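All remarks here apply to the structure that follows.
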């Protein structure tokens with residue numbers, strides 16, 4: 001026994017040394033450095049707000065709960081500049097994209113000059129959707145969507161609508177409304193602006209008569225009662241707008257297909273541990289009360305989904321906007 005005891009102690013000592021080296025040399029949990037989350041639109045808009053909401057809530061669900069996510073706004077070309085930057089980034093999990101409808105669905109669907117393909121990314125998950133609303137200034141004479149459509153029918157081109165460009169839901173949603181209501185595609189005159197907040201401001205100032213917008217962009221003006229919503233493009237009345245008719249109730253059901261959304265994408269070929277970390281984090285957000293309440297307050301509808309479900313959703317969006325653009329004569 002006396003001979004075997006030193007050998008046993010030596011063995012335990014050696015095992016302890018090996019374990020110590022292994023712990024010291026082990027990879028730190030992801031993310032081991034700050035993540036840059038690129039929002040491909042300017043600060044102050046709904047994309048920026050969605051990115052900052054994610055940056056505030058996601059870290060506690062990542063393996064490294066002390067993770068830091070820094071939002072970087074890279075606007076331009078309807079979101080193509082920031083989106084392309086992520087497509088070309090090193091696939092290490094430290095540069096990610098707050099993917100949006102205009103830049104990740106509409107542009108690839110309708111513009112062959114888009115420098116990336118819709119499926120040229122690692123899709124980590126959908127976060128939430130945002131219904132489409134049509135708004136007028138609070139003192140506008142049109143009390144319903146039917147009133148506004150009647151005015152457009154009586155004098156095509158006389159009323160102006162605020163838009164952020166042809167490759168955005170602010171433009172395509174309104175033109176979808178025109179066509180589905182039997183109006184010409186140019187029933188209203190487009191007033192191009194740089195962002196959703198500016199589009200709402202144009203209605204408040206009287207420079208534009210109406211706007212079709214994602215609810216998150218419209219909520220500040222709606223809360224301030226400086227604009228009124230005539231319709232919300234959702235299947236049921238929205239909790240933030242209980243008195244506003246749904247698209248079906250307003251006889252404009254085609255608007256339910258026009259929806260804003262946010263997702264998390266990375267460059268192609270992200271490492272499996274990074275993908276797993278984000279899949280788990282996004283799934284956890286789906287039951288995170290603080291996250292859910294914050295998303296709802298912004299006007300969004302939380303919708304966490306898996307990478308495969310996100311891919312299916314995006315593929316359907318590509319088909320939707322491609323078909324819409326062809327019917328509207330845009331491509």
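Laboratory data are not the source of any read-out in this text; all were calculated from the coordinates shown. Owing to the predicted nature of the structure, the values given are computational and were not obtained by experimental measurement. FYI the Cβ positions are ideal-geometry reconstructions off the backbone, even for glycines, and counts take in every protein chain you see.
Here the Gaussian network model covers the chain, with springs between Cα atoms less than 10 Å apart; of 55, 252, 290, 290 fluctuates the most.
Evaluate the relative contact order of segment 131-257 (contact order divided by residue number), counting alpha-carbon pairs under 8 angstrom at least 6 apart; express in whole percent.
Relative contact order comes out at 36 percent.
If R0 is taken as 45 Å, the Cβ-Cβ distance between residue 65 and residue 147 corresponds to a FRET efficiency of 0.30. Of the options (1) 21.0, 70; (2) 18.9, 58; (3) 24.2, 106, only one is Rg and Dmax of the Cα atoms in Å as computed from these coordinates, and that is (3).
Treat the count of other C-beta atoms within 10 Å as a stand-in for reagent exposure and order 92, 243, 119 from fewest to most.
Exposure proxy ranking, most exposed first: 243, 119, 92.
Seen through its C-alpha gyration tensor, with square-root eigenvalues sorted a ≥ b ≥ c, segment 131-257 comes out rounded because a/c lies under 1.5.
Multiplying the residue separation of residue 56 and residue 316 by 0.36 nm and removing their Cα-Cα distance gives an extension gain of 90.6 nm. For an R0 of 35 angstrom, estimate the FRET efficiency from the Cβ-Cβ distance between residue 194 and residue 155 and round to the nearest 0.05. Rounded to the nearest 0.05, the efficiency is 0.80. Modelled this way, with points 7 Å down the Cα-to-C-beta line, the labels at residue 183 and residue 205 are 2.3 nm from one another.
Would you please give the FRET efficiency between residue 248 and residue 290, computed as 1/(1 + (r/R0)^6) with r the Cβ-Cβ distance and R0 = 35 Å, to the nearest 0.05? Step by step, r from the Cβ atoms, then E = 0.60. I'd like the distance between the alpha-carbon centres of segment 217-249 and segment 162-178, rounded to an integer number of Å. After rounding, the separation between the Cα centres reads 18 Å. Going by neighbour counts of Cβ atoms within 10 Å, the residues 94, 41 line up, fewest first, as 94, 41. Our summary gives the chain a relative contact order of 25 percent, counting only alpha carbon pairs under 8 angstrom and 6 or more residues apart.
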